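Values quoted throughout were computed directly from the atomic coordinates according to the rules given, and no laboratory measurement underlies them. Keep in mind it's a predicted model, so treat the numbers as computed, not measured. Cβ: placed from backbone, ideal geometry, glycine included. Neighbour counts: every protein chain shown.
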Amino acid sequence: MEDKKKRLLFGLLLIILIVILLLFNYPELFNFLKEDNLCIAPSCNPKDNFEYCVNDKWEKCTQGLSCFEGKCFSEIELSKFRNCNQGECISEDGEGLYAYQNGEINSAYSLTILKEGSGFGSINSLDESISCNDEFSECTFNYNDLTNLVLIAIPNPLSSTFSSWQGCDSVSNDTCIININSQEIVTVTFEFIPETH
């Protein structure tokens, strides 16, 4: 009976010794025991602002970058969006508003103009801040503040005619009035004029 206890104790001590040797020589095998090493993407390590979560483990950002909302950004980028709430970030000077979406930070106020139809045409704004050329399919413009715009659709005089606007706050013939208070999208349609013989 004593021999059996001695063998059991020896086996237990041997297991402890093996675990200690493994711990010193292969510490990565025991990472699962460290609560700090567990992470859920997207997130930043609260103890190391230069680490972000990927594939359920912490990885270092490239030198010169630090973590924000689970992604790595430069200090210049981070200076724009320190104070964030539900995806909206206000710059440190309090003037710029930015939106955080899909790992990218962009102006929270933007206008995207899409072209549909078989024809061609250009878009200009009354204040001349917007110009989409005759062959555009999509134009995007970013703003730091609420903006009101008057857009004018100009069909190609040789081949096309203006058809319609969609997404505007109000429309008058070829003119679209839009208040940009978020990420706005408007669509203009030009139709091709077939040649007549």
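Numbers for the structure displayed
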| quantity | calculated |
| --- | --- |
| Estimated distance in nm for a label pair at Asp56 and Gln183, the labels positioned 7 Å out from Cα along Cα-to-Cβ | 3.0 nm |
| Label-point separation in nm, Gln166 to Asp127, each point 7 Å along Cα→Cβ | 2.7 nm |
| Cα gyration tensor of segment 109-192 - equivalent ellipsoid semi-axes, whole Å, descending | 21, 12, 11 |
| Sparse-neighbour loop sites [GluC sites (Glu not before Pro); segment 103-168; at most 13 other C-beta within 10 Å; DSSP] | Glu128, Glu135 |
| Two-site label geometry, Leu146 and Thr175: point separation in nm, points 7 Å out along Cα→Cβ | 2.2 nm |
| Loop chymotrypsin sites (Phe, Trp or Tyr not before Pro), segment 127-197, which have at most 16 other Cβ atoms in a 10 Å radius of their Cβ (DSSP) | Phe136 |
| Nonlocal amide H pairs with Val54, under 5 Å, H built at 1.01 Å | Glu59 |
| Burial order of peptide ranges 52-60, 148-156 (average beta-carbon count within 10 Å, highest first) | 148-156, 52-60 |
